[in-house]
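A short write-up of the structure that comes next.
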């Protein structure tokens, strides 16, 4: 029997189930396979190349323009993380669109990640929605469904199926694939209402829109591809309750040996994961917004999981090696 392979994880850009109108349109989750000595050496070298008085080393320290040489070293062939770190990216807007497209399936139910049967539909809407409806109405649509599909909305925001579908009604007269999607969504209103009632009455064990859980599944699947079970050390996360960890173990069918939470100040491996997640999120976000850094996207490419939730072809070609891989994973 194989001993578990231990990976250490952290994220960047997490805002729970708030995916629209937040601080970042990209969520990044890094999984690092390093022992404590190698991680300590990595952090020590970063402190030499990109100094900071902070007790905990973070991505922001190495992302400063004056420390660009340190960042190039970290990601490059002479750095310590190549081959020892993988990053899973999520375009939050596409994630919302994919979740809405999944509602059109007759047997739709809460699931991890996105429904692969809805990939083509979600991709078409993602690419056409803003052009077809304009910035204001497209953003309003995304925001409405973001709140509708959350078990707990928070912030005093209340969203009803009636209010949301009043907006769908306005949009279903548009031409092209985007308008066709809205007409199909309009017909699916009873199914959406039933899903919302079920979500409120009996919330799924995992938050329906939180990208953290599918990212962890992707990390375990990737690092355990050779059949070896994977043990996860994760930066402290309130999302990772005992119930959810147990359910993840059942979903992963023996591939997950366990998850324990760690204090990043006490474990320099978590600090390396934090740096990798933050760096990847910034580079990918710049590429998504049409402002790619060619040197950094080229260096990031070997680290990015090609099953990442990403539908923008232009930026995908810059930050991922497998250009033809489907942008949506089934978890």
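The values are calculated or read from the model by the stated rules, or taken from the named source; none is laboratory data. What you are looking at is a predicted structure, and each value in this text was computed from that prediction instead of being measured. No Cβ is skipped: glycine too gets one built from the backbone with ideal geometry, and neighbour counts run over all protein chains shown.
Observations
- All conditions but one from (1) at pLDDT 95 or above; (2) assigned by TED's automatic domain parsing to the domain that holds residue 82; (3) surrounded by fewer than 23 Cβ atoms within 10 Å (Cβ to Cβ); (4) assigned to a helix (DSSP H, G or I) apply to residue 250; the one that does not is (1).
- Residue satisfying condition, being in a loop (DSSP other than H, G, I, E, B) and within 20 Å of residue 170 (Cβ to Cβ), within set 125, 142, 104: 104
- Selection from the range 93-108 of residues that are surrounded by fewer than 21 Cβ atoms within 10 Å (Cβ to Cβ) and touching a residue at least 12 places away in the same chain (Cβ under 8 Å): 103, 104, 105, 106, 108
- Scanning the range 187-230 for residues that are touching a strand residue (DSSP E or B) at 6+ places or on another chain (Cβ under 9 Å), surrounded by fewer than 19 Cβ atoms within 10 Å (Cβ to Cβ) and not in a helix (DSSP H, G or I) yields 226, 228, 229.
- Residue selected from the range 85-96 under the condition assigned to a helix (DSSP H, G or I) and touching a strand residue (DSSP E or B) at 6+ places or on another chain (Cβ under 9 Å), by the criterion farthest from residue 191 (Cα to Cα): 92
- Filter result for residue 82 (part of a loop (DSSP other than H, G, I, E, B), modelled with pLDDT of 90 or more and out of contact with any strand residue (DSSP E or B) (no Cβ under 8 Å at 6 or more places or on another chain)): yes
- Every residue from the range 29-41 that is over 17 Å from residue 82 (Cβ atoms) and touching a strand residue (DSSP E or B) at 6+ places or on another chain (Cβ under 6 Å): 29
- Residue 255 meets the stated requirement of being surrounded by 14 or more Cβ atoms within 10 Å (Cβ to Cβ), touching a strand residue (DSSP E or B) at 6+ places or on another chain (Cβ under 7 Å) and within 19 Å of residue 7 (Cα to Cα).
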